[in-house]
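Below is one structure; the comments refer to it alone.
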Amino acid sequence: MNDIVDSSVRDERIRTEFVDANNLTFEVDKCGTGDKLAICLHGFPEHSFSWRYQLPMLAELGYEAWAPNLRGYGKSSRPTLVENYTMDHLLADVAGLIDASGKSEVVLIAHDWGAVIAWQFAIQKIRPLHKLIICNVPHPIPMMKSMKSGLGQLKKSWYVFFFQIPRLPEWLLGRDDAKNIGQMFVNSGGAEDMFPPAVVEVYRKNANQPGALTAMINYYRGLFKKQKSVSAEDVAIIDTPTLMVWGEDDVALSKETTYGTENYVSDFRIRYLPRISHWVQQEAPAAVNAMMSAFLRDKPIPEAHWVMELTEPTE
């Protein structure tokens, strides 16, 4: 256990180890000892802790489940240059971790920035994947089309451009010992009871480490490094069986960005979760775990529906 995550908010079956990969050292939460690997990639401004509900479920299905802290996060290595956070480095990290596991069957599960990496990992076929699960980040082509079709998604993505400003984002987010990072989960989540103070404190402490906020924001700055124009015709079809799990109340990404994904993934399924926010696997873990488990076991994947309930007046 480290000084960021308190034992009271993490399943005792989860252990933390350090893994060397791609000339860096990664702090990795692990659960299970199966002969298959399920590797879970977190997003911004998260931590491997964001997969605390999924790791035990994956272990029960026979996987050795890994949730690494991506470069710059937690106690993983923290390179200092923007150039260290371009997509080629991030893809190499995931490949290195998979290689270090020694497993031949791999399921890649990812959310937010982790999902940005995972989409590219599958598109470029960096390593063979048995299955792919994406949480609340669109495939790059529908996302690009949505950005070009109107101002709606462009306005939602304002922060990507704000993060290009040197130092100011770190100052604003880092004030009061990174209190704003912790509050981000409460303010943008739909179920505050899933983000009690002990959970919020994990994310605040994670971001408050020296250099951590700059590393986190450098993922966005790295997007504009070594970028080339890509058309839909340039992007390979993903043939890995893929499940997308999508919380519909995402404040940063519209549901419309998921439309048309089936044109770029040959074996694609999607499940929407009404009234659930961007932090889908943390906010609705029972539903998300049921969907993931069914998909991984080749069983029918349950759907989520919200039903209005009328009750007797209280007065």
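The values are calculated or read from the model by the stated rules, or taken from the named source; none is laboratory data. A quick note: this is a predicted structure, and the numbers were derived from the prediction, not measured. Heads up, the Cβs are rebuilt from the backbone with ideal geometry, glycines too, and the neighbour counts pull from every protein chain shown. Note: accessible area is taken over every heavy atom of the protein model, side chains too, but ligands, DNA and RNA are not part of it. Shrake-Rupley method; radii C 1.70, N 1.55, O 1.52, S 1.80 Å.
For this structure, a couple of remarks:
- If the condition is being within 27 Å of residue 264 (Cβ to Cβ) and modelled with pLDDT of 95 or more, then the stretch 144-176 contributes only 163.
- Pairs meeting the criteria (first residue in the stretch 251-270 and without any contact (Cβ under 8 Å) to a residue 12 or more places away in the chain, second residue open to solvent by 20 Å² or more (accessible area, probe 1.4 Å), beta carbons under 6 Å, at least 6 apart or on different chains) are 262/268.
- Matching residues in the stretch 73-92 - criterion: being outside any loop (DSSP other than H, G, I, E, B) and open to solvent by 20 Å² or more (accessible area, probe 1.4 Å): 82, 83, 84, 87, 88, 89, 92
- All helices (runs of 4 or more DSSP H) inside the stretch 201-315 with 1 or more residues being more than 16 Å from the chain's Cα centre (by Cα) and farther than 22 Å from residue 113 by Cβ: 285-296
- Residues that are of a type outside the set (A, V, I, L, M) and either modelled with pLDDT under 95 or over 20 Å from residue 241 (Cα atoms) (or both) within the stretch 253-287 comprise 254, 255, 256, 274, 275, 277, 278, 279, 282, 283, 285, listed in sequence order.
- Residue count, the stretch 231-249 (criterion: at pLDDT below 95 and open to solvent by less than 60 Å² (accessible area, probe 1.4 Å)): 4
- Given (1) within 21 Å of residue 178 (Cα to Cα); (2) not in a loop (DSSP other than H, G, I, E, B), index of the condition residue 30 fails: (1)
- Taking the listed residues 76, 104, 48, the one that is at pLDDT 95 or above and farther than 28 Å from residue 287 by Cβ is 76, with no other qualifying.
- Applying the condition of being open to solvent by 80 Å² or more (accessible area, probe 1.4 Å), touching a residue at least 12 places away in the same chain (Cβ under 8 Å) and of a type outside the set (Phe, Trp, Tyr) to the stretch 287-315 and asking which residue is nearest to residue 249 (Cα to Cα) yields 305.
- Candidate set: the stretch 47-67, residues that are of a type in the set (A, V, I, L, M, F, W, C) and in contact with a Pro (Cβ under 9 Å, 6 or more places away or on another chain); chosen: the one least open to solvent (accessible area, probe 1.4 Å): 65
- Of the criteria (1) over 18 Å from residue 136 (Cβ atoms); (2) at pLDDT below 95; (3) open to solvent by less than 30 Å² (accessible area, probe 1.4 Å), which one residue 191 fails: (1)
- Within the stretch 93-116, the set of residues being in a helix (DSSP H, G or I) and over 14 Å from the mean Cα position of the chain (by Cα) comprises 93, 95, 96, 97, 98, 99, 100, 101.
- Taken together, the residues in the stretch 244-267 that are within 18 Å of residue 301 (Cα to Cα) and either out of contact with any His (no Cβ under 9 Å at 6 or more places or on another chain) or aliphatic (A, V, I, L, M) (or both) amount to 8.
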